[in-house]
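One structure is given below, encoded as structure tokens.
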Amino acid sequence: MANRIVSGIKPSGDLNIGGYGGALSQFIQLQQDYDCFFFIPDLHAITVPQPPDVLQRRTRDIAALYLAAGIDPGKSVLFLQSQVPAHAELGYLLQTLAVMGELGRMTQYKDKSDGKSSVSSALFTYPVLMAADVLLYRTTHVPVGDDQLQHLELARDLARRFNQRFGVELFLAPEPIIGMIGSRIMGLDDPSAKMSKSNPNTNSCVMLMDSPELIRRKFAKAVTDSEGIVRYDWESKPAVSNLVEIYAVFSGLSVEEIERRYDGKGYSSFKSELVDVVIEKLVPLQARYHEWIGSPELDRILKEGAQRAAAEAAPVLAEAKRAMGFASF
Ligand code: ATP
Ligand code: MG
């Protein structure tokens, strides 16, 4: 069987270059070598309240951005999670195997709930739905940003636990694909906090749809350090390393090539050329986005993708239910 990937970006906010580096740009490379299922986890987005009209707009927006970034619907399956009910169904079944203690240890839950008990119970169980997302397709690999490693580990545990408890060899424990460039893009104002869709501070993020002027302004404000040397070293120079990482994602150059290029030059030419490479990629991407968003072809691709995904998921879900003792007539 071919190596297979499942991954997605939640429509929980407008996309920024963190999601581009950690997901979209990697998807484009990975679709060359893997059998890929790219989806939009709209069911995950509602773990925090989303106004329905906003959810609808953002979901379609992200689909258009996937295509604008270069996902080839002829090669990869592109679909919305809510259109393939097997995700929610397997998610529920796996919840019966996941225990409160392990879910309570998830750092994203701790961060996002911030100690409050008024958050939705789905925010707590969302890593189990994520496990269902990947196990349903017998995925072999999952590209993950740093922030998702713990959730993938849970998916691996649940796969093994299910197989063991029900005496089947159904689910695969997928391997993480880590360390790809772009897997760690931090806020421009604070390199200790990840650049996130849900961060309300607009200066911390460059949005994929920002105008060139705004991009230039945001990078001009980005924090650096006082050393004045362009060097990739997350330990002692997180802010500059973050900018080098962004440069690498958008230019296609390696970190070493970037360090060499700016050897003996200060931050000002580095920052200004960083802006150029980002704009050079984003402007044509924005143009392609505008073409896709207005096109009924987008809806056709999503519909067909959901049919292909559902056909793949159905026998796996049926086997899981059979193994658990549900009637199969
Ligand atoms: P939210 O704040 O709502 O969780 P998010 O920005 O974290 O949104 P997700 O939809 O949760 O985005 O993540 C989609 C993918 O993008 C995941 O694989 C995640 O690891 C990756 N990703 C998100 N933000 C970053 C980032 N700053 N750097 C690298 N990868 C990222
Ligand atoms: Mg996230």
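The values are calculated or read from the model by the stated rules, or taken from the named source; none is laboratory data. It should be emphasised that the depicted structure is a prediction, and the values quoted were computed from it without experimental measurement. Note: ideal-geometry Cβ built from the backbone for every residue, glycine included; neighbour counts use all protein chains shown. These area figures cover heavy atoms from the full protein model, side chains too; ligands, DNA and RNA do not enter into them. Shrake-Rupley method; radii C 1.70, N 1.55, O 1.52, S 1.80 Å.
Observations
- Any hit, the range 78-101, residues being among the β-branched types (Val, Ile, Thr), touching a residue at least 12 places away in the same chain (Cβ under 8 Å) and under 28 Å from Ala287 (Cβ atoms): no
- Yes/no for Asp263 being of a type in the set (Asp, Glu) and under 21 Å from the mean Cα position of the chain (by Cα): no
Per-residue answers, yes or no, for (1) of a type in the set (A, V, I, L, M); (2) within 25 Å of Gly13 (Cβ to Cβ); (3) touching a helix residue (DSSP H, G or I) at 6+ places or on another chain (Cβ under 8 Å):
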{"residue": "Ala64", "(1), (2), (3)": "yes, yes, yes"}
{"residue": "Leu67", "(1), (2), (3)": "yes, yes, yes"}
{"residue": "Gly70", "(1), (2), (3)": "no, yes, yes"}
{"residue": "Val84", "(1), (2), (3)": "yes, yes, yes"}
{"residue": "Ala98", "(1), (2), (3)": "yes, no, yes"}
{"residue": "Lys112", "(1), (2), (3)": "no, yes, yes"}
{"residue": "Ser117", "(1), (2), (3)": "no, yes, no"}
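- Within the range 180-210, restricting attention to residues that are hydroxyl-bearing (Ser, Thr, Tyr) and assigned to a helix (DSSP H, G or I), the residue that is least open to solvent (accessible area, probe 1.4 Å) is Ser204.
- Residues (open to solvent by less than 50 Å² (accessible area, probe 1.4 Å) and not in a helix (DSSP H, G or I)) located in the range 271-329: Ser295
- Residue identified as away from ligand 2 (no atom under 16 Å from the Cβ), within 23 Å of Lys281 (Cβ to Cβ) and not aromatic (Phe, Trp, Tyr) among Asp225, Asp210, Asp233: Asp210
- Of all residues in the range 112-138, those being within 16 Å of ligand 2 (Cβ to nearest atom) and either acidic (Asp, Glu) or part of a helix (DSSP H, G or I) (or both) number 15.
- Residue count for the range 168-179 under the criterion of being more than 20 Å from Asn242 (Cα to Cα) and assigned to a loop (DSSP other than H, G, I, E, B): the result is 7.
- Every listed requirement among (1) within 16 Å of ligand 1 (Cβ to nearest atom); (2) of a type in the set (A, V, I, L, M, F, W, C); (3) more than 24 Å from Leu30 (Cα to Cα); (4) in the same structural domain as Ser269 (by TED's automatic domain parsing) is met by Met209 save one, (3).
- Test for Val240: is it in contact with a Lys or Arg (Cβ under 8 Å, 6 or more places away or on another chain), within 22 Å of Leu282 (Cα to Cα), touching a residue at least 12 places away in the same chain (Cβ under 8 Å) and outside any loop (DSSP other than H, G, I, E, B): yes
- Tyr34 being open to solvent by 40 Å² or more (accessible area, probe 1.4 Å), away from ligand 2 (no atom under 16 Å from the Cβ) and assigned by TED's automatic domain parsing to the domain that holds Leu152: yes
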